[in-house]
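Trainee: Please find one structure pasted underneath; my questions will follow.
Values in this text are rule-based calculations from the coordinates and carry no lab data. If you're wondering where the values come from, they're calculated on a predicted model, not measured in any experiment. Cβ sites come from the backbone with ideal geometry, for glycine too, and all protein chains shown count toward neighbours.
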Amino acid sequence: MEITDEKKTEEILSEEKQEDLFYTLLRGKTVKETIETSRGNFVVKFPKQKDLIAIDRRVALMRGGVPASNFDDNANFDLQKVAYLDVVVESGDDWFNKLKSKEGFTWGDMPDVDFINEVYIKAWSFRLKVQGKFGRNEEKTDNGTVVAENVPDSVDDGLFSDVAASVKRD
C-alpha cells in the first residue's frame, strides 16, 4: 500500500493523528495499491467520498436518464463495476495506459467480462482492506448498554403499535 500527496496542505496534528489513516487521507493523501491480474498489473486508489459520488454520477449517465428501477439487479451491478473501475484504476501496463489515454475510454469497452470481474474484485478487496484500517477508537468508546427508566412496554402511537420495547440491564 502506497500513500501519495493529492495536494499540499500544512497542518499541525499530533503524532497519533499523523499515523492515523483517516487523518492521512483527510490531509489530501491518496492510498494506492498495485494489483496483479491475469492481464497485467494495475494501480488502484482508495476511493474517497467524492470518488464514490463520481461513481454514482457515472452510473446515472450510463443509464441515460432511465430510472434505476427499470434495470435488473445484474445490469445495475454491471454499471456499478464499470463506473467503479473507471474512477479507481489510475494506471496499468502499457497496453492499458495507451487505451486509457484515448478520449472517451471506459472499462465498459473491455470485451472480457471475466477480466472486468477479476479487476473489480481485487480493487473492491483493496477498498475493504483500507476501510478496515480506519481506527474506530473502540477502546475509548463506551460500548455499554443503555439503561433507561420508565420505558413503556409497547409503543401505541400508530405505525409501531404493539412493538415491545426492551432494555438490557446489567
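Trainee: Give me the one-decimal nm value for the distance between modelled label points at Leu128 and Thr24, 7 Å along each residue's Cα-to-Cβ direction.
Mentor: 2.1
Trainee: Still on this structure, I have one more. Over every pair of different alpha-carbon atoms in segment 55-126, take the mean of 1/r and invert it; report that Kirkwood radius in Å.
Mentor: On the way: mean 1/r = 0.0774 Å⁻¹.
Radius from the Kirkwood sum: 12.9 Å.
Trainee: Can you list the HN-Hα couplings for segment 108-120, worked out from phi with the Karplus curve (6.51, -1.76, 1.60; θ = phi - 60°), rounded to whole Hz and with x for Gly and Pro?
Mentor: 3J(HN,Hα) across segment 108-120, in whole Hz: x, 7, 5, x, 9, 5, 5, 5, 4, 4, 4, 5, 4.
Trainee: OK, next. How much length is gained if the chain between Asp112 and Lys50 is pulled fully straight, taking 0.36 nm per residue apart and subtracting their Cα-Cα distance, in nm to one decimal?
Mentor: On the way: separation 62, 0.36 × 62 = 22.32 nm, distance 2.86 nm.
Once the chain is fully extended between Asp112 and Lys50, it gains 19.5 nm.
Trainee: A follow-up question, please. Thinking of segment 23-68 as a set of Cα atoms, what percent of all their pairs are more than 11 Å apart? Before the final figure, lay out the partial values.
Mentor: On the way: 766 of 1035 pairs.
For segment 23-68, the share of Cα pairs beyond 11 Å comes to 74 percent.
Trainee: For Tyr84, Tyr23, what's the fewest-to-most ordering of other Cβ within 10 Å of each Cβ?
Mentor: On the way: Tyr84 23, Tyr23 16.
Arranged by neighbour count, lowest to highest, Tyr84, Tyr23 become Tyr23, Tyr84.
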